[in-house]
1. Taking the stated definitions as given, is residue 287 without any contact (Cβ under 8 Å) to a residue 12 or more places away in the chain and aliphatic (A, V, I, L, M)?
2. Do we find that residue 473 is within 23 Å of residue 71 (Cα to Cα), within 15 Å of the chain's Cα centre (by Cα) and not hydrophobic (A, V, I, L, M, F, W, C) in this structure?
3. Criterion first (surrounded by fewer than 21 Cβ atoms within 10 Å (Cβ to Cβ), farther than 22 Å from residue 261 by Cβ and free of Cβ contacts under 8 Å to residues at least 60 places away in the same chain) does residue 465 satisfy it?
4. Residue check, residue 297 against (1) closer than 17 Å to residue 338 by Cβ; (2) surrounded by fewer than 19 Cβ atoms within 10 Å (Cβ to Cβ), all met but one. Which one?
5. Starting from residues that are in contact with a Lys or Arg (Cβ under 9 Å, 6 or more places away or on another chain) and assigned to a helix (DSSP H, G or I), keep the ones in region 354-373 and report whichever is surrounded by the most Cβ atoms within 10 Å (Cβ to Cβ).
6. Going through region 441-456 one residue at a time, which ones are touching a His at 6+ places or on another chain (Cβ under 8 Å) and either among the small types (Gly, Ala, Ser) or not in a helix (DSSP H, G or I) (or both)?
7. Quick check, is residue 432 farther than 20 Å from residue 43 by Cβ, touching a strand residue (DSSP E or B) at 6+ places or on another chain (Cβ under 7 Å) and surrounded by fewer than 19 Cβ atoms within 10 Å (Cβ to Cβ)?
8. Out of all the residues in region 36-54, which are crowded, with 18+ Cβ neighbours inside 10 Å, assigned to a helix (DSSP H, G or I) and of a type outside the set (A, V, I, L, M, F, W, C)?
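The values are calculated or read from the model by the stated rules, or taken from the named source; none is laboratory data. None of these values were measured; they are calculated from a predicted model. A quick note on method: Cβ atoms are made from the backbone with ideal geometry, for glycine too, and the neighbour counts reach across all protein chains shown.
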Amino acid sequence: MMLLLYLGSRKPKGYPPGPKWLPILGSALEVAKIRKKTGFLHATCTLLSEKYGPIVGLKIGKDRIVILNNYESMKSMLMNEDCDVTDGSLWIEQRKFLLRHLRNFGFGKNDMATMIEEEAMYLVNNLITQLESNILINNKYNDINKYKNNIKNDGIIYQLTSQEYKKNSSDNWHQESIDNLIRKNLPKTIKIEDMYMKAEDYAEVRKLTQKKEMIVQMDEVFGVSILNTLWRMMAGKRFNQDDKQLIHLQKILTTLLKELDMIGCPFGHFPILKYIAPKASGYTKFMETHQQLWAFLNEELLDHKKTFDSDIPKDLMDAYLKILQTESSGETFSELQLLAICVDLFMAGTETTTKALNFCFLYLVLYPDVQKKAQDEIDRVIGRDRLPFLSDRPRMTYVNAISLEAVRMFMGRTMNIPHRALKDTWIMGHRIPKDTMIVANFNRVLMNDSWGDPEVFRPERFIDEKGNISVPDQYMPFSIGKHHCMGEVLAKSNIFLFTAALLQTFTFSPVPGEEPTTKFHDGVTASPLPFRVLITKRY
């Protein structure tokens with residue numbers, strides 16, 4: 001036993017420099033000490049790099065971990081055939097399947113553009129209906145809870161929505177279709193005698209409809225919409241903005257992912273914690289969230305199988321089920337693996353693009369001059385008569401630059417997806433033993449001093465003297481080479497189109513007395529602290 005403990009604390013020959021390894025713990029104590037001081041994983045890795053150099057070798061529990069802290073080492077790793085996200089035919093076949101069939105169902109094509117445009121339209125309309133219906137609610141009741149308690153028996157709303165009410169008599173009856181009906185009828189067809197308010201009150205309502213502003217919890221705006229752009233290709237359906245089960249799952253997943261990070265979790269590095277301290281190590285919460293998500297997705301799969309037609313695959317899920325019917329599906333394809341793909345896509349919709357948009361609008365509120373400049377470009381290129389199309393992007397340099405800057409601000413506060421050495425390999429003169437985890441600290445390439453003012457939200461940094469988009473080599477938030485993120489096209493399209501559509505329709509301002517902060521949560525990826533904004537409809 002003593003010999004094993006001794007050997008486990010010895011660093012492999014040629015391994016990158018780093019903190020001393022203790023038996024069993026490795027360098028966990030020093031890493032934990034620095035992280036407690038900095039509060040963030042990327043900041044911890046940056047401090048370690050200042051002491052040990054750009055390539056830092058760690059061991060936490062049973063796992064060897066190498067942290068890359070400059071562009072040269074990251075490029076070397078990402079172009080290295082011996083380093084990958086995972087190994088084996090399973091990953092290769094699943095990636096091929098996704099790339100092939102996502103294209104078949106619109107990924108990177110006009111169909112994808114149409115889906116994103118539609119989701120942007122749904123979101124804009126949903127916010128408009130909230131604005132206009134809230135005017136009537138606030139005028140009559142002055143309190144949203146009183147509204148909820150009385151709305152079903154109230155004359156004006158009941159008359160406008162009686163047919164919808166009969167079809168949707170549950171507590172969740174007040175959905176987008178009803179909001180839409182209220183919005184259509186509010187300015188023009190309401191009869192004064194049908195309202196429980198005086199004529200002068202109605203005149204006041206008409207005045208209020210001309211202002212149209214409300215407070216929104218901005219970090220909760222995009223989750224359903226972004227997931228829909230993925231889910232329509234994956235399962236051929238979209239979720240309502242007020243789908244309670246979906247919103248619950250996204251919230252608990254977001255909470256869980258704030259407690260993990262890109263180098264793992266305590267029970268991952270020290271498996272014994274799953275048994276001796278399941279709650280304290282986070283294992284219990286991880287499993288509960290995991291089980292709820294899998295149950296939700298399994299129910300989606302069961303519903304899908306009821307309408308499955310192998311002759312007419314409607315979406316990615318159908319295409320996968322069709323493969324499962326063939327004898328050649330082999331061991332790499334299974335319903336379990338299909339659910340795993342669904343989990344990955346669900347997390348991608350919840351964790352990446354949504355958070356990038358949250359950062360984007362946080363900074364647009366803090367930098368109103370940037371917001372105004374974008375709105376001027378939108379008005380000049382598109383006008384106000386239609387929502388933006390993805391085809392407008394080549395003519396909208398400044399909004400494109402905002403998208404690039406928002407991703408820099410988001411990914412510059414996180415780490416890249418972990419890779420591992422498939423066999424013994426070398427990175428810039430350092431030996432990396434097989435099965436070592438390799439993680440790139442994106443903060444050191446996206447937020448370093450070479451940007452001049454990295455903490456400032458300045459889209460102009462991506463526009464050259466000729467007015468064209470110019471992106472430096474070190475800007476690689478979607479990775480490079482064969483490790484390139486296959487969701488880059490969708491992510492960039494989503495960020496551009498949702499930003500353009502919302503800025504065309506609304507102006508976003510701080511809530512009086514609630515200046516948003518640029519402080520953020522650490523986790524698998526960074527996320528802004530919850531923030532509210534005042535949105536005003538533009539005219």
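1. yes
2. Here the answer is no, as residue 473 does not meet what is asked.
3. yes
4. Of everything listed in (1) closer than 17 Å to residue 338 by Cβ; (2) surrounded by fewer than 19 Cβ atoms within 10 Å (Cβ to Cβ), residue 297 misses just condition (2).
5. So the residue we want is 359.
6. 441, 442, listed by residue number.
7. no
8. 42, 44, 46, 49
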